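Here, each number is a calculation from the coordinates, and none is a lab measurement. Since the structure is predicted, the reported quantities are computational estimates derived from the model, not experimental observations. Reconstructed Cβ throughout: ideal geometry from the backbone, glycine too, with neighbour counts over all protein chains shown.
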Amino acid sequence: TSAAEKRGFQTEVKQLLHLMIHSLYSNREIFLRELVSNASDACDKLRFEALDNAALYESESDLKIRIRFDKPSRTITISDNGIGMNREEAINHLGTIAKSGTKEFFAKLSGDKQKDANLIGQFGVGFYSAFIVADKVTVLTRRAGDAADAGVKWECSMVGDEAGEYSIEPYTKALRGTDIILHLRESEEDLLSGWKLRSIIRRYSDHIVQPILMQKEEWNQEKAENVISDEEETVNQANALWTRSKNDISDDDYKAFYKHVSHDFEDPIAWSHARVEGRHEYTQLLYVPKRAPFDLWDRTPRHGLKLYVRRVFIMDDAEKLLPHYLRFVRGVVDSADLPLNVSREILQESKDVDTIRAGCAKRVLGLLEDMAENRKEDYAGFWTEFGRVLKEGLGEDQANKDKLAGLMRFASTQLDSAEESVSLKDYIGRMKEGQDKIYYVTADSFNAAKNSPHLEVFRKKGIEVLLLSDRIDEWAISYLSEFEGKQIVSVAKGDLDLGQLEDEEEKKKVAEQAEAFKPLLEKVKGSLGERVKEVRVTHRLTDSPACLVVDENEMGANLARLLKSAGQ
Ligand code: ADP
Ligand code: MG
């Protein structure tokens, strides 16, 4: 072969390599994700360039990724038949760091291993992550469309952990694309296993669109070991379901995929699949499960959305992609705009993510509205499982308050049953002539609510009252002061004003009685002293002699009790 040319790495590359090996070791499996992701990108690039120049496919238009390992030589090889690199590209892409933000990255390095590991995770590791597990990396590559002998062999070997330079020389490569050969460090030999590699691929690269091929293995009784056969099999799913057109996806496909992403064994109750275009481009495939997951009320529940960037899996449990009260939703968001190296820390601050979150929340609420409207029974089932979580939204999601209010379901005096089935719309539809407010009562239990003395006058007049007895209700309803122009008020607060529902005569009677009972009222007030603010005559009660009410602007009694029990 012709003489290999030695070239020095850019200083930053040297630093990065050093860091990579020392900081990312605990996360070593990501090397495969990064290399597979590059292989997939290379295939995408070829597909893109071939749109204008089909000759780039040479004789092979099936794009694929191949992973092989060889125990005797202690190598893992990741091959693709994507775009490949010419000499100049190999030098530029593998010998320097061209990414923007590199300067800031290096400025932030502290020398503290732990901190720098986080930083490097945020920055993204890419090709150099190969050196986490390998002490020598050989890249054989040829750009699509170039002659076979225009290929390149790039090689970098570390002496100890130091690598100052790499070599580059011409190479004849019949097949276009790139082979990355990892010569494993001695301590990494456990990676030389079909089982191990498959499990890493399934974990991180299952939905890479191109098939990832590995050689089949068969148990050989005589040798008492697995023997690798020449036959290949695809070890990933090789199709990102959410990137397919909706028309090509059957309900069964959607359900199967749901089970895969959610680890649920039941079918979902609803889903929504959409590609969002505009300032940020992303695809969302969101599922509502039939049953609440066991950890819904845990302090740190699993969050169901997986984040992908251009079909490359980035993370599970991406809690920033949905508001907390929608934590039961499962599925996938695939962003076209976020950087591949996005980390949780970056997600925290990303404006793009805020847009995605708002879009996902809206999409889920739309899905629920549709269910509430057109599949009432299913919605009732949904409400039983997730109603309490959805109520949190009233406090958490101001932007969608009206939608959420419409989705709420309550028990009421209409049915006098504990089942929460009355919507605010239903209630408004049944309002009495002259009634301009929505009334509710809160209590510790459904029975206490139902038998509240505050309800007496309402029952007498046939006015419906919402019966709120869930722990969260009083807190939730405090965020909801009106719905469709109707005030929402507690029957237990302040001087109950029934407005036009009150007849004049009654009003007069109360005023007269207040006057007549003045001495009694003062006496009661006197003996209760500090414990009450005021004692007054009421027309609220028909059977009970007295009841406690809370001042208009004060916390409801129930909420006060709740906070007290929470130690506040
Ligand atoms: P990134 O993928 O974020 O660009 P990487 O460090 O992973 O960063 O890769 C650096 C560059 O090396 C890529 O942008 C690409 O140009 C080139 N490269 C890496 N792997 C391959 C490959 N398998 N085929 C073609 N080019 C590749
Ligand atoms: Mg990459």
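Suppose we look only past 16 Å in the calculated P(r) of region 162-201. What percent of the Cα-Cα pairs does that tail hold? That fraction is 62 percent. Let a ≥ b ≥ c be the square roots of the eigenvalues of the Cα gyration tensor of region 1-101; is it rounded (a/c under 1.5), or, if not, prolate (a/b larger than b/c) or oblate? Verdict is prolate for region 1-101. Using C-alpha pairs under 8 Å with a sequence gap of at least 6, the mean separation divided by the residue count of the chain gives a relative contact order of 9 percent. Dipole size of region 148-293 about its Cα centre, with +1 on Lys/Arg Cβ and -1 on Asp/Glu Cβ: approximately 900 debye, rounded to the nearest 20.
Taking Cα pairs under 8 Å and at least six residues apart, what relative contact order does region 185-281 come out at, in percent? Across region 185-281, relative contact order equals 21 percent. By DSSP, the beta bridges lying fully in the chain are antiparallel in about 80 percent of cases.
Gain on full extension, evaluated as 0.36 nm per residue between Thr243 and Ala516 minus their Cα-Cα distance, stands at 90.6 nm.
Could you tell me which residue out of Phe446, Ser421, Gln435 lies farthest along the dipole of region 410-451 toward its positive end? Charges go on the beta carbon: Lys and Arg +1, Asp and Glu -1, centred on the Cα centre. It is Gln435.
A cut-off under 12 angstrom between Cβ atoms defines the neighbours of Ile168, and their net charge, with Lys, Arg +1 and Asp, Glu -1, is -2. Cα extents for region 164-298 along the principal axes, largest to smallest and rounded to whole angstrom: 53, 47, 34.
With a cut-off of at most 10 other beta carbons within 10 Å, and DSSP calling the residue loop, which GluC sites (Glu not before Pro) in region 208-263 qualify? Please list them. Those satisfying the criteria are Glu222. What number comes out for the charge environment of Ser187, summing +1 per Lys or Arg and -1 per Asp or Glu over other residues with Cβ under 12 Å away? Taking every Cβ under 12 Å from that of Ser187, the sum is -2.
Placing +1 on each Lys and Arg Cβ and -1 on each Asp and Glu Cβ, with no other charges, gives region 170-243 a dipole about its Cα centre of roughly 420 debye. For region 336-423, the Kirkwood estimate of the hydrodynamic radius, built from every pair of different alpha carbons, is 14.9 Å. Shape class of region 41-94 from the alpha-carbon gyration tensor: oblate, with a/c at 1.5 or above and b/c at least as large as a/b. Taking the square roots of 5 times each eigenvalue of the Cα gyration tensor of region 166-232, largest first, gives ellipsoid semi-axes of 26, 18, 16 Å. In a simple Cβ point-charge model (Lys, Arg +1; Asp, Glu -1; nothing else charged), the chain has a dipole of about 800 debye relative to its Cα centre.
Let me know the shape class of the chain, please: from the alpha-carbon gyration tensor, a ≥ b ≥ c as square roots of the eigenvalues, rounded when a/c is under 1.5, otherwise prolate if a/b is greater than b/c, or oblate. It comes out prolate by the Cα gyration axes. Ordering Val209, Ser40, Ser262 by Cα displacement along the dipole of the chain toward the positive end leaves Ser262 in first place; charges were set at the Cβ atoms of Lys, Arg (+1) and Asp, Glu (-1).
Toward the positive end of the charge dipole of the chain, with +1 on the Cβ of Lys and Arg and -1 on the Cβ of Asp and Glu, the farthest Cα among Leu467, Leu16, Leu94 is that of Leu467.
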